[in-house]
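Structure record follows, encoded as structure tokens.
Here, each number is a calculation from the coordinates, and none is a lab measurement. All values derive from a computational prediction rather than experimental measurement. Cβ placement follows ideal geometry from the backbone for every residue including glycine, while neighbour counts extend to all protein chains displayed.
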Amino acid sequence: LDVVRSVEPRIAAAIGQELTDQRESLKLIASENYASPATLLAMGNWMSDKYAEGTVGHRFYAGCRNVDTVESVAAEHARALFGADHAYVQPHSGIDANLVAFWSVLAQRVESPALERAGVRGVNDLSEEDWAELRRSLGDQRMLGMSLDAGGHLTHGFRPNISGKMFHQRSYGTDPETGRIDYDAVRAAAREFRPLILIAGYSAYPRLVNFRVMREIADEVGATLMVDMAHFAGLVAGKVLTGEHDPVPFAHIVTTTTHKSLRGPRGGMVLCEESLAEHVDRGCPMVLGGPLPHVMAAKAVALAEARQPAFRTYAQQIVDNARALAEGLTRRGAKLVTGGTDNHLVLLDVSGYGLTGRQAESALLDSGIVTNRNAVPQDPNGAWYTSGIRLGTPALTTRGLGAPELDEVAALIDGVLRGTSPGTTKSGKPSKAQYVLADGLAARTAEQAADL
Ligand code: PLP
């Protein structure tokens, strides 16, 4: 940090403070993790300085042999880890991976010379006539995805995201009684709506998805099945999600982020069947700028880590920990959406504490517990205030916490929320839930023990 400090001390201070904050708090944000030092070092270096538009062996810039190595090793690990025909490791984020997937499906399924030209040359080169033709041919495409309040993601066809402008969207929710996906309802919606793309995948659904059934539904209505496994990619990589819960054998195309349960650098990735590969590989320049070679290097390292046997133990522990958290909260009287969890996340309905999600999020943060507020199905408080808190275990599992510690975390969360007065953003009874790392394991600080 000294080198950074000599140029811009405020940035060095912020980076240093971030390390302290991440160590001194309990990170329960379901989409966050701690990347390994090997992954971080692969990302923080001069690989960043290279331009490499195009694909391996077919670049628009000279001098790309090292980037070619990086990209092909990352793709090789991704194919082997997930058993995919094809892997494209360039997307800069999950949103970018989804954009690549959407355009690939459109390019494969919609007859449009303008789309073809855009795929080869990039959209900057399209003429006015091309744009008019594109608008005509894409104007009526439909997408069916999970509703936001049931746990879907903005990129699955919702208005604040470009996907909601590209497609006519309809969503499927969850059963009001069980909180789980009702596959008959999905099938009925698909039969009526006839989507080009059926999307499965979520950001805040605490149960498993049956991708075999999703594929049957897609086949029945002639849709392409796209699965966004951003949240649970680590559980697929760690072979905790197998059979009909592993999306790769069933989906035509799978997208993911690399930084959540997969524990890699921030970024995205697309896996697909061979028939979509040529379209996916045109992600740059179609919707992506030049690839980030340093991030692809870090993806390769993280994917190599995920192929180690230890990652399977880690993935199983994520799920065991989420279950321990859910059980600990339920035993103390908390209400969970669907009554529990089968994956890495728990959706806690905080209305029973007389709080909104926003108040609960703030009270927990005051106590060193970092979470995010989240809508619950049919949320009366809407998407900003919400009635829920989303809790995920990938990060604490990386820090070595096990089921007994997650039960203590449940006690801390319940204690903070019970001690919080509605209408304030401060918890009534401040309790410092601080954990420190000791020899790679989490140990309670004396201060925290006193608070408990
Ligand atoms: N897809 C899902 C299911 C997500 O949960 C997220 C992010 O939270 C994304 C896509 C977008 O990822 P990114 O923030 O890397 O663009």
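Grab the Cα-Cα distance for L365 and R332, subtract it from 0.36 nm times how many residues apart they are, and report the gain in nm with one decimal.
Result: 9.8 nm gained on full extension.
Taking a ≥ b ≥ c as the square roots of the eigenvalues of the Cα gyration tensor, the stretch 76-191 is oblate, since a/c reaches 1.5 or more and a/b is not larger than b/c.
With Cα atoms defining each centre, the stretch 23-56 and the stretch 312-383 are spaced 27 Å apart in the structure. Taking the C-alpha atoms only, the angle from helix 94-109 to the longest principal axis of the chain is near 30 degrees. Helix 309-331 and the longest principal axis of the C-alpha atoms of the chain enclose an angle of approximately 50°.
In the frame of its principal axes, the stretch 199-291 has Cα extents of 36, 33, 21 Å, reported largest first. Extending 7 Å from Cα along the Cβ direction at N66 and again at I15 yields two label points whose distance is 1.9 nm.
Suppose every Lys and Arg Cβ carries +1 and every Asp and Glu Cβ carries -1, with no other charges. What dipole size does the chain come out with about its Cα centre, to the nearest 20 debye?
Working: 45 positive and 52 negative charges, 149 e Å.
The calculated dipole for the chain is roughly 720 debye.
By the Cα gyration tensor, the chain has an equivalent ellipsoid whose semi-axes, rounded to whole angstrom, run 37, 28, 20 from largest to smallest.
One quarter of the convex hull surface built on the alpha carbon atoms of the stretch 248-356 amounts to 10.0 nm², the projected area averaged over directions.
By the scheme Lys and Arg +1, Asp and Glu -1, what is the net charge of all other residues having a beta-carbon under 10 Å from that of I197? If you can, show how the numbers build up before the last one.
Working: positive: R109, R142; negative: none.
Around I197, the charge tally is +2.
With neighbours defined as other Cβ atoms within 10 Å of a residue's Cβ, the residues K335, K165 order from fewest to most as K165, K335. Over the C-alpha trace of the stretch 1-122, radius of gyration and Dmax come out as 19.3, 56 angstrom. Counted by neighbouring Cβ atoms within 10 Å, the residues Y314, Y172, Y61, Y385 run from fewest to most as Y61, Y385, Y314, Y172. With the gyration tensor restricted to C-alpha atoms of the stretch 54-143, the semi-axes of the equivalent ellipsoid amount to 29, 18, 10 Å, longest first.
Going by neighbour counts of Cβ atoms within 10 Å, the residues W131, W103 line up, fewest first, as W131, W103.
When only alpha carbons are used to place a centre, the stretch 215-241 and the stretch 69-109 end up 14 Å from one another. The sum of -39500 (n - 2.57) across all DSSP H runs of n ≥ 4, divided by the residue count of the chain, sets its helix-only mean residue ellipticity at 222 nm to -13500 deg cm²/dmol. Could I have the simple spin-label model distance between R79 and R159, label points 7 Å from Cα toward Cβ, reported in nm to one decimal? Here the modelled spin labels are 4.4 nm apart. If R0 is 45 Å, the Cβ-Cβ spacing of V4 and A403 corresponds to a FRET efficiency of close to 0.70.
Run the Debye formula on the Cα coordinates of the stretch 25-73, all scatterers equal and no solvent, and tell me log10 I(q)/I(0) at q = 0.22, 0.23, 0.24, 0.29 1/Å. So the normalised log intensities are -0.83, -0.86, -0.90, -1.09.
Let's test the formula: R0 of 41 Å, r as the Cβ-Cβ distance of S137 and E244. What FRET efficiency results, to the nearest 0.05? Before the final figure, lay out the partial values.
Working: r = 35 Å, r/R0 = 0.85.
Efficiency at R0 = 41 Å is approximately 0.75.
Each residue, R109 and W46, gets one label point 7 Å from its Cα in the Cβ direction; the gap between the two is 4.6 nm.
Rounded to the nearest 0.05, what FRET efficiency is calculated for E116 and R307 with R0 set to 35 Å and r the Cβ-Cβ distance?
Numbers: r = 37 Å, r/R0 = 1.05.
Taking R0 as 35 Å, the efficiency between E116 and R307 is 0.45.
Antiparallel beta bridges, as assigned by DSSP with both residues in the chain, represent about 60 percent of the total such bridges.
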